[in-house]
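Novice: This structure is in structure tokens; I'll ask about it shortly.
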Amino acid sequence: MKFKNSKEAAAKRRELQDKLADINDKLEVIDQTLAKRELKDEEKDSQKQLNREFAKLQREEDLCSREYQILYQAEKAEAEKREVKKTAGQQLREMMETARNNTQVRETVLGGAADGGVMASGAVNLTIGDLIPTLNEGLGLPSGVTIQTGVTGNEVWPVSINDCEMEEVGETAELTDQTLKFDNISPAVKRVGMTANVSNTAIDNASFDLLSFVQQKITLAQRKYLAEKIYSHAAFTGVKGPFAGATPAGTITLDKTAYATILKAIAKFADNGYDMSNIDLVIDATTEAELKALPKADGQGGFVIENGKLAGYNYVVSHYIDTTLDADGKTLKLDTDRFMGIGIFNYLAVQQHGQVRLTIDPISKAAKNLTAVTINTSWSVTDLSVKTTTNGKKNTTSTAFALYKIAAAPGA
């Protein structure tokens, strides 16, 4: 039995209940007659028929009731979902208006989708998802990278730093004790934040999508921040990715040797015991264009980049692979050279730690008719390969990532 909506289900249930009441009245009349005298055959048949109909209607009512409850809960959940989507923007606007009208700073501790947000000022509930809809979407990160949010404290990863050896001994000889040693890797957590200024006119304009505006600013800033940290070979002092401060492991010349050179560079990871199926490469758009037109080798068909793969492996395009620090030690700039990053990004832990705080400040920018929206949280980017053991040797630097310089073909 299907219903278009809860009203239709309720109407059907009332109809069944009316029929049940009518049959029950008839049965009571027959039962009273039975108490006074012997029933006639036709009355007995009528009683059996009514009992069967009564039982059938009861089953239908039970089914109707269950479907009604399922439909009711589904409609309720959908209504609540619509309400959340509808009110997230309204709540943000309300928070801004309240902060401005009361001329005071208001702060929200953003929660996840499950736990909701906890307002320090007690006004509204917003979540991380309300302001940062999807961390992975549009970031252009390698396939192996995963982003964890809401990490409590500083996670510690135990890493094996030595290997054991097989021994060949006599039949009853005792094997030598070999101890497995472990070291720990802890993330370097840094406070990260940004401020977006919103016009008070935009806050007052109910038709202006205030939430989308703030979402766009925060998501774009976060996308840029993570891309810089993960790809750049700049010598960062705070949060830094696997290529930060790296010395190129070699040069890939964009000529007939390029295909073989790239494959050899990737093969070095296999020599260290890594699974090459998880390899991702990072290049800029210019290098991508050249590799799409560069034949693999003399006498061999195909191009270095074809069918969405670079030498048969996943790749991502980002100009940040070519960036380094300017003379001020803070600002990123394009290097004079181009680079290719090769890595197993499963070994890169990108984490957002603790709480995300949204602060509304209508005071400091009041002279410019602006309200400042500030996000504060903490991030870390950790290379888990720095203490692995390869070929019996304990490593102290990254082994799952390598940076290569790109050189133009002679005469190009």
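Novice: Just checking, how many residues over the stretch 274-319 are touching a residue at least 40 places away in the same chain (Cβ under 8 Å) and basic (Lys, Arg)?
Specialist: Final tally of qualifying residues: 0.
Novice: Could you list, in sequence order, all residues of the stretch 284-310 that are within 21 Å of Phe339 (Cβ to Cβ) and either out of contact with any helix residue (DSSP H, G or I) (no Cβ under 9 Å at 6 or more places or on another chain) or part of a helix (DSSP H, G or I) (or both)?
Specialist: At the first step, the residues of the stretch 284-310 found to be within 21 Å of Phe339 (Cβ to Cβ) are 284-294, 303-305, 309-310.
Answer for the stretch 284-310, where residues must be within 21 Å of Phe339 (Cβ to Cβ) and either out of contact with any helix residue (DSSP H, G or I) (no Cβ under 9 Å at 6 or more places or on another chain) or part of a helix (DSSP H, G or I) (or both): Ala285, Thr286, Thr287, Glu288, Ala289, Glu290, Leu291, Lys292, Ala293, Lys309.
Novice: Looking for whichever is in a strand (DSSP E or B), out of contact with any Pro (no Cβ under 8 Å at 6 or more places or on another chain) and modelled with pLDDT of 85 or more here; the options are Thr359, Thr371. Which one fits?
Specialist: On the way: Thr371 fails: out of contact with any Pro (no Cβ under 8 Å at 6 or more places or on another chain).
Exactly one of Thr359, Thr371 is in a strand (DSSP E or B), out of contact with any Pro (no Cβ under 8 Å at 6 or more places or on another chain) and modelled with pLDDT of 85 or more, namely Thr359.
Novice: To continue, here is another question. For Gly241, only one of the following conditions fails: (1) in a loop (DSSP other than H, G, I, E, B); (2) over 28 Å from the mean Cα position of the chain (by Cα). What is its number?
Specialist: (2)
Novice: Could you please find all residues in the stretch 244-258 being in contact with a helix residue (DSSP H, G or I) (Cβ under 6 Å, 6 or more places away or on another chain) and not in a loop (DSSP other than H, G, I, E, B)?
Specialist: Going residue by residue through the stretch 244-258, those that are in contact with a helix residue (DSSP H, G or I) (Cβ under 6 Å, 6 or more places away or on another chain) are 252, 254.
Once the filter is applied, which keeps residues that are in contact with a helix residue (DSSP H, G or I) (Cβ under 6 Å, 6 or more places away or on another chain) and not in a loop (DSSP other than H, G, I, E, B), the stretch 244-258 yields only Ile252.
Novice: Taking Met340 as meeting all but one of (1) surrounded by fewer than 22 Cβ atoms within 10 Å (Cβ to Cβ); (2) at pLDDT 90 or above; (3) assigned to a strand (DSSP E or B), write down the number of the exception.
Specialist: Among (1) surrounded by fewer than 22 Cβ atoms within 10 Å (Cβ to Cβ); (2) at pLDDT 90 or above; (3) assigned to a strand (DSSP E or B), Met340 violates only (1).
Novice: Report yes if some residue within the stretch 180-191 is at pLDDT below 85 and among the charged types (D, E, K, R); otherwise report no.
Specialist: yes
Novice: Here's another thing I want to ask about it. Of the numbered conditions (1) part of a loop (DSSP other than H, G, I, E, B); (2) under 24 Å from the mean Cα position of the chain (by Cα); (3) modelled with pLDDT of 75 or more; (4) within 15 Å of Arg93 (Cα to Cα), Ser207 fails exactly one; give the number of that condition.
Specialist: Answer for Ser207: the failing condition is (2).
Novice: What residue, among those in the stretch 259-276 that are touching a helix residue (DSSP H, G or I) at 6+ places or on another chain (Cβ under 7 Å) and at pLDDT 85 or above, is surrounded by the fewest Cβ atoms within 10 Å (Cβ to Cβ)? Can you show your working first?
Specialist: Initial filter on the stretch 259-276 (touching a helix residue (DSSP H, G or I) at 6+ places or on another chain (Cβ under 7 Å)): 266, 269-270, 276.
Keeping just the survivors that are at pLDDT 85 or above gives 266, 269-270.
Numbers: Ile266: 19, Phe269: 21, Ala270: 11.
Going through the qualifying residues, I end up with Ala270.
Novice: May I pose another question? Take Thr324 and tell me if it is modelled with pLDDT under 95, surrounded by fewer than 15 Cβ atoms within 10 Å (Cβ to Cβ) and not in a helix (DSSP H, G or I). Break it down stepwise before answering.
Specialist: Numbers: modelled with pLDDT under 95: yes; surrounded by fewer than 15 Cβ atoms within 10 Å (Cβ to Cβ): no; not in a helix (DSSP H, G or I): yes.
When the stated conditions are applied, Thr324 does not pass them.
Novice: If you don't mind, there's one more thing I want to ask. Quick one: in the stretch 287-321, which of the residues that are surrounded by 21 or more Cβ atoms within 10 Å (Cβ to Cβ) and of a type in the set (Phe, Trp, Tyr) is nearest to Thr261 (Cα to Cα)?
Specialist: Tyr315
The values are calculated or read from the model by the stated rules, or taken from the named source; none is laboratory data. The model shown is predicted, which means the values in this text are computed figures rather than measured ones. Here the Cβ is made from the backbone with ideal geometry for all residues, glycine too, and neighbour counts use every protein chain on show.
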